[in-house]
Amino acid sequence: MRLSASIPLTQEQVFSQPKGKHGPKPGVPALRYRDPFFGVAWSGRGRAPSCIKGQPREQFLIQA
């Protein structure tokens, strides 16, 4: 007896695309920090730029 015949699954259940949060997130994060001397902007995500790294971030905050 074939295994596929003993399990009651439809083709849609077997070959459907996964549903969930896959792939890149839409949109670009807003910029939160800017170095006035170099003009480097940073969203606060990922690695900090070398001109901002190691310094208090409050001085680089973009005032909205």
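Read the figures in this text as sums done on the coordinates, not as results from a lab. Quick caveat, the model's predicted, so the values are computed rather than measured. For neighbour counting, all protein chains shown are included, and Cβ atoms are generated from backbone atoms with ideal geometry for every residue, glycine included.
Do you know which of the residues in the range 18-61 that are assigned to a loop (DSSP other than H, G, I, E, B) and of a type in the set (A, V, I, L, M) is surrounded by the fewest Cβ atoms within 10 Å (Cβ to Cβ)?
Within the range 18-61, the match that is surrounded by the fewest Cβ atoms within 10 Å (Cβ to Cβ) is Val28.
So which pairs qualify, if the first residue must be in the range 25-37 and more than 11 Å from Cys51 (Cα to Cα), the second must be of a type in the set (D, E, K, R) and loosely packed, with under 10 Cβ neighbours inside 10 Å, the Cβ gap must be under 7 Å, and the two must be at least 6 apart or on different chains?
If the second residue must be of a type in the set (D, E, K, R) and loosely packed, with under 10 Cβ neighbours inside 10 Å, the pairs left are Pro29/Arg45.
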